[in-house]
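Coordinate-derived values only; no laboratory data. Everything numeric in this text was worked out from a predicted model, so none of it was measured. Note that each Cβ is placed from the backbone with ideal geometry, even for glycine, and that neighbours are counted across all protein chains shown.
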Amino acid sequence: MKELIDKAKELLKEKKVETVIGYREIRGCVVPAYVDSPCDADCLIFDKRCVYNLANYLKWFKNKNVALVLKGCDAKSINVWLQEFQIKRENIFIIGVECYGVMNEKSADAGLSDKCGHCEAHVPNIYDAVIKHQGDKKESVQGEPFKDIQEFEKLPHDERWDFWKKQFEKCIKCYACREICPMCYCKECIVERNIPQWIMSSPSVKGNFEWNMVRAFHLAGRCVECGECERACPVNIPLMKLNKKLIKEMKELFDYSAGQKEDVKSAIDDFYPEKDIKIDDKMIR
Amino acid sequence: MISEMKKFIISKNELKKILAGIVAENIKLIAPVSRDNAFFLEEVSDAEKIAWDYSNVVKPVKEHIFPMREVLLDFGRGTDPPALDEPEARSSGKEKNPAGNMPPVKEQVIFGLRPCDARSLLVLDKPFLQEKYVDSYYKERREKTTLIAMACLNPEKTCLCSSFENGGPFSSAGSDVLCVQTGQDEFLVEILSEKGEKIFKNPSFAQPSGEVLKKLENLKADSEAKICKALKVPENLRELFEAGTWETESLSCIACGICRYLSATCYCFNITDEFEQRLRYWIPCSFKNYTKMTSGEISREKKSARFKHWYFHKFSYHKDNFGEYLCVGCGRCIKYCPVKIDFTEVLGKIGNSKQEQ
Amino acid sequence: MKIGVFVCHCGTNISAVIDVQKVVNDLAKMPGVFAMDYKFMCSDPGQNMIISEIKQKKLDAVIVAACSPCLHELTFRNTLIRGGLNPYMLEIANIREQDSWVHTDRDKATEKAVRLAKMAVAKAKRNQPLFPQEVSVEKSCLVIGGGIAGIQAAIDISSAGYQTVIVEKEPSIGGKMAMFDKTFPTLDCSACILTPKMVQASQSKKVKIYTYSEVEEIGGYVGNFNARIRVKARSVNMEKCTGCGICWQKCPVKVNSEFEQNLGPRKAVYVPFAQAVPNVPVIDCVNCTYYRSKRQNPESKGLCRICEKFCPAGAIEFDQKDKIIEEKFGAVIVATGFSAFDHKVYGEYGAGRYKDVVTALQFERLLNSSGPTQGKILRPSDSKEARTIVFVQCVGSRDESKGVPYCSRVCCMYTAKQALLLKEHIPDANAYVFYIDIRAAGKNYEEFIERVQDEYGVLYLRGRVSKIYRTGDGALLVRGADTLSGTQVEISADMVVLATGLVSNPETVKLGQMIGIPYDKNRFFTESHPKLAPAETQTAGVFICGACQFPKDIPDSVAQAGAAASKVLGLFSQEHLMLEPVLACVNQKICNGCFHCRAVCPYNAIDEEILKDKSVVARVIESKCHGCGNCISACPVSAVDLKGYTNEQILEQLQSLR
């Protein structure tokens, strides 16, 4: 922790950033921390309980100089933000943390979160400084990352429809999934547009289907699988199942994963004439 | 007029039979049901599906009197295809006839709600059933609802119902019937109103023995001891409106709707016309669009303003208008907040801050 | 809002299938709608009827239920203008091409017509008046490609007094036509008819020619294109050079000449052919000894430098750099021509291994008296005279399996011409032509073919060649079929000429993406309409002509060049252009600045704008926008909408169907 705290103090002292956003502990649990001055930086911690994707808070810190404490999965969000022109690279200082898993808050046995199982980003792929891991490094489980999706896809259509219907009956349209997702940064969400009204704003099974499916589609090629939406959902809808399905499709159809590099175009915009138009050179002298 | 404060003992099976009887009389029975490790108050047709081992349901009971989505008027052309499981069915092919085609509100019995939820309806009655302005939709459902509360043996660490005058894990305020599980298969039932009497018509239930009553006192004391949180609203809250602490406390808030929707007492809603229906649906004051006016102006643009407003509505404005806090201490806002904001902590910090210009 | 619905009978085109009266009656039942019918709405009385109803009933919008808007949208827009309404308050319901012409069931067709008209009414309810934007026109034309088509277009435009710039990739203008010997059917010497045109273009004060140059970037829109041209370094000063030719005579390096189709040499400093315009050589930096030595050892003085030593004008400049020229143009003509099909894919014809299996272009050079063999028909392998020559037609063309499904149009004629010229050179030579069909659809073309067979005794064999292989004595054995006599034929030939097809220029894709014009699956540029607009493209201000649009012969290229030029002149004759106002527009309050719209816009019509609160949002460049709607689909928050086809309008149309 000393390394992390020292880095934060250094950044604040030298006025490189206005705020350092990290994690701190209070009442026995971990919450987001906002440190404005060097003397407050002592509260910063990093351990298995640090589940939050702090990149989300950039929504309220655009055009400001901030430092963020980011795990590998969270740092991918920054790449997507850069691809979509939402921040300038020089405005953020990424304090990457080497991470080997965070806990699943909703499981009874405090096991690791599902996303940690096949993590390939123990060290963030974009950072300005990196804090090495203290403690034992538990390597991720190798194997098929989309196994659970493939199993689910094998079920008959009616069963799958029924499953999701039961899930969306629970949805209360609290939009916590949207507010905690770094990728949902739209000034006015499509669900709030009422001229014309594209999808129902009010909660009902049909409206809940529309909302969750539209959100999943709008995240296609952009979701970095941080899992925060599923964690935030108060009624335990398995949102990551939906998102992972689309992540799988993007991988299979376009060989594309979100948040890999900052200089790659985002999936929807990804069209390179030299790469995508095949010219048969044999034909032409 | 109930004859006397009736208390009696029944077994779980007998209780289940009575609940099954309610269903048989074509009255809607709403009881706790388990869905993927979480509990919800839902309509049940089979008493066996009722869950018994829960701390509290996720969604407060207000949704059954003041639904999340309520059709106020239907001016449909009658040509729309039926929507997927709409809670209120569209009128079918009838010409424009406002309010004439709403399906009737059924009698309902809500079983298994906790005392905090039962009290929440007493709190909500004040704004919805004011002398001059009666909300007829709320009134109809409220009158047709019977509440059978289940006392709380194991309050959670986020509960703070005892901070309220008539609150507590064994409080009978607001319910028609209060049940307490005094043993493995033993329930002490207390009838509190005429509505409650109608449910438990059988006079042959046993009266509670002195031993059972002693057990009751002990269980109550144990339960009350488990409540570790208290509400302390700063007396000069109004003067602390401009305190800078609101800004810092609101930083981690993500402005979703969880605390508003899951609060047992929040009741703000929006009315819009959507697809040929006039709807009323819950809307959290945490959203920017909540204060958007026709000019496009948004009066609570900043997140800290929206964060602050919730506190002021619950602990200042509502007190001024209706003489009590808009809170029953169910603690759901603390339990389900995705970033673990505890409003009692916030109020504490505000109380310690100085008034700043 | 008062809407007038005018239903046309179109004589009996519509009324034969649709009950027009019923359509009128059903529409008239809608609130605020007035409906009537007429036999020919597009006629003068029909239009006057609309105008008088607009005035009398004070209509706000007009629906015309008639034929396709392709035909009369403009007509009725003008009608509305004369009636005092904004022309974009018009909606057309196509009840002819989309209804009466494709259905036979009277009841259902009438019901469909009613629904189509109701949809148009639903859309018109939300129509807003739109106002076209005016832009100025730069009276200068860019011609990309200096072959016969490009030269002709430049001559035509400049003769009307407007500035033209030709950008040609090769060191000289002239294109493929400069390589030919004689042209069919007149047997004019190709260079003799081409060079006067080349000279006319180069001497015209209104034509600027950049050779050995390429267009790097084109931005802008019709009337206002910005082009960046790279004039590559020739290493020879164009002003000083007199064209004396001493440099290339003295140059010690010999390499294969591309102009001679690799049948003859050129020097490292060279002029591609004798009549090159400009007659200024170019140094081939890849093969020149000086440049090679400089690449190996940058510090050295460099080897050779003989050309520099001998040049009397001191025109050799080894340190010459590429020049970048940026100019504004009002129109662009693309005339980039064709490439020859590479016959190496035909293993049965030797896959390019046999030196004596030559392509048609190679044979042209052999025929040409200024070619590598001075006009003698000599075998490339042993320089012996070729007395028996087999011509194989349709090599590459009409062969789906080799990727060229189309007919290259000119090969039948040029093969006949080459056979005739062979006979002129060597009267007792044997010439055989293997063909599938003979396509001689031009003026005097059929007669030419007959003449070649009758007068010159060229033998035409209808059948394909299955194999060509070399026999022990150095001859080529050609095995083919003669389907008219039903036999297999074997010919021992000295040389085989393959009539290779015409395929697209390899730069087509890059150029198309750069300028923003579409190309088809064969990578020829796509014309605006194959019948009625063959020289225009979908992109306003960009025109095409010559073989880059599709293989064609010289008269057609020249004609199409004239067509493109006339379109450009039509453009330049206006002081201002009116742009279509059906454009996308961004609601900047909602825009996130994610720029998915910019990524999918084919016309580069989205720009950035920085608002007062420092957020960056999208802005549509109206003059570039074509109203295609890609951006509207790509926007995740529906912040972009299309004026004239708003989301709300389309949803209203759908709602009206329920």
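Which residue, chosen from C:V465, C:S158, C:M177, occupies the Cα position most advanced towards the positive end of the dipole of the protein assembly as shown, where the dipole is computed from +1 (Lys, Arg) and -1 (Asp, Glu) charges on Cβ about the Cα centre?
Farthest along the dipole direction, towards plus: C:S158.
So which of C:K328/C:K510; C:K254/C:K552; C:K197/C:K267; A:K173/B:K126; B:K132/B:K195 end up more than 32 Å apart by C-alpha?
Pairs exceeding the cut-off: C:K254/C:K552.
If you take the charge dipole of the protein assembly as shown about its Cα centre, with +1 on Lys and Arg Cβ and -1 on Asp and Glu Cβ, which of C:V617, C:Q653, B:A149 is farthest toward its positive end?
C:V617
Looking only at other chains, what is the average number of their beta-carbon atoms within 10 angstrom of each beta-carbon in A:31-40?
2
As a test of the formula, what do you get for the protein assembly as shown when each DSSP H run with n ≥ 4 contributes -39,500 (n - 2.57) and the sum is divided by the residue count, at 222 nm and rounded to the nearest 500 deg cm²/dmol?
My calculation for the protein assembly as shown gives -8500 deg cm²/dmol from helical runs alone.
Helix C:647-656: angle to the longest alpha-carbon principal axis of chain C, degrees 0 to 90, nearest 10?
Helix C:647-656 sits at roughly 60 degrees to that axis.
Taking amide H positions as placed in the peptide plane 1.01 Å from N, state which residues far from C:A35 in sequence (5 or more) or on other chains have amide H under 5 Å from it.
Here C:V5 satisfy the definition.
How large is ³J(HN,Hα) for each residue in the stretch C:282-290, as worked out from phi by the Karplus curve 6.51 cos²θ - 1.76 cosθ + 1.60 (θ = phi - 60°), to whole Hz, x for Gly and Pro?
Couplings: 10, 9, 7, 5, 6, 9, 5, 4, 4 Hz.
Show the residues, 5+ positions off or on another chain, whose built amide H is closer than 5 Å to the amide H of C:I333.
Close amide H contacts, sequence-distant or interchain: C:L142, C:V143, C:I144, C:F543.
For chain B, modelled as a Gaussian network with Cα springs under 10 Å, which listed residue fluctuates most, B:C253, B:C159, B:C116?
B:C253
I need the phi-derived Karplus couplings for the stretch C:347-354: 6.51 cos²θ - 1.76 cosθ + 1.60, θ = phi - 60°, integer Hz, Gly and Pro marked x.
For the stretch C:347-354, the Karplus curve yields x, 5, 9, x, 6, x, 7, 7 Hz.
Taking 21 Å as the cut-off for C-alpha to C-alpha distance, list the pairs among A:K137/B:K340; A:K15/A:K62; A:K9/B:K303 that go past it.
Long pairs (Cα-Cα over 21 Å): A:K137/B:K340; A:K9/B:K303.
Show which lysines lie in cross-link reach of C:K125 when reach means a straight Cα distance below 19 angstrom and same-chain residues fewer than eight apart are skipped.
C:K2, C:K29, C:K55, C:K57, C:K58, C:K643
To make sure I understand the rule: partners must be aspartates and glutamates, Cα under 13 Å from the Cα of C:K355, and not fewer than 8 residues away in the same chain. Which ones qualify?
In chain and number order, the partners are C:D382, C:D494.
Can you tell me, using C-alpha contacts under 8 Å and at least 6 residues apart, the relative contact order of chain C as a whole percent?
It comes to 13 percent, rounded to a whole number.
Under a Cβ-Cβ cut-off of 9 Å, what is the net charge of the residues other than B:I30 that fall near it, where Lys and Arg count +1 and Asp and Glu count -1?
With Lys, Arg at +1 and Asp, Glu at -1, the neighbours total -1.
HN-Hα J couplings of the stretch C:222-236 from phi, Karplus 6.51/-1.76/1.60, θ = phi - 60°, integer Hz, Gly and Pro as x?
Working through the residues one at a time gives 3, x, 8, 8, 10, 10, 10, 10, 9, 8, 6, 6, 7, 6, 10 Hz.
When a/c is below 1.5 the answer is rounded, else prolate if a/b is larger than b/c, else oblate, so apply that to the protein assembly as shown with a ≥ b ≥ c taken from the square roots of the Cα gyration tensor eigenvalues.
Because a/c hits 1.5 or more and a/b exceeds b/c, the protein assembly as shown counts as prolate.
Positive end of the charge dipole of chain C (Lys, Arg +1 and Asp, Glu -1 on Cβ, about the Cα centre): tell me which of C:N279, C:S485, C:I590 has its Cα farthest that way.
So the residue furthest toward the plus end is C:I590.
Quick one: grab the alpha carbon gyration tensor of the stretch C:338-503, order the square roots of its eigenvalues as a ≥ b ≥ c, and give me rounded if a/c is under 1.5, else prolate or oblate depending on whether a/b is larger than b/c.
Rounded is the answer for the stretch C:338-503, as its axis ratio a/c remains below 1.5.
Report the Cα centroid-to-centroid distance between the stretch B:180-217 and the stretch A:156-172 in angstrom, as an integer.
39
Report the far tail of the P(r) of the stretch C:3-124, meaning the percent of Cα-Cα pairs longer than 20 Å.
32
How large is the charge dipole for chain C, taken about the Cα centre, if only the Cβ atoms of Lys, Arg (+1) and Asp, Glu (-1) carry charge, to the nearest 20 debye?
Here chain C has a charge dipole of around 1060 debye.
Which of B:K49/B:K319; B:K62/C:K589; B:K292/C:K624; C:K232/C:K309 have a Cα-Cα distance over 29 Å?
Over 29 Å apart, Cα to Cα: B:K49/B:K319; B:K62/C:K589; B:K292/C:K624.
Between C:V253 and residues 5 or more places away or on another chain, which pairs have amide H atoms under 5 Å apart, with H built 1.01 Å from N, and which residues are they?
C:A268
Quick one: check the C-alpha center-to-center distance for the stretch C:522-562 versus the stretch C:342-380, whole angstrom.
A separation of 30 Å, based on Cα centres.
Need the list of aspartates and glutamates near C:K39 for cross-linking: C-alpha distance under 15 angstrom, and skip anything on the same chain fewer than eight residues off.
Within reach: C:D19.
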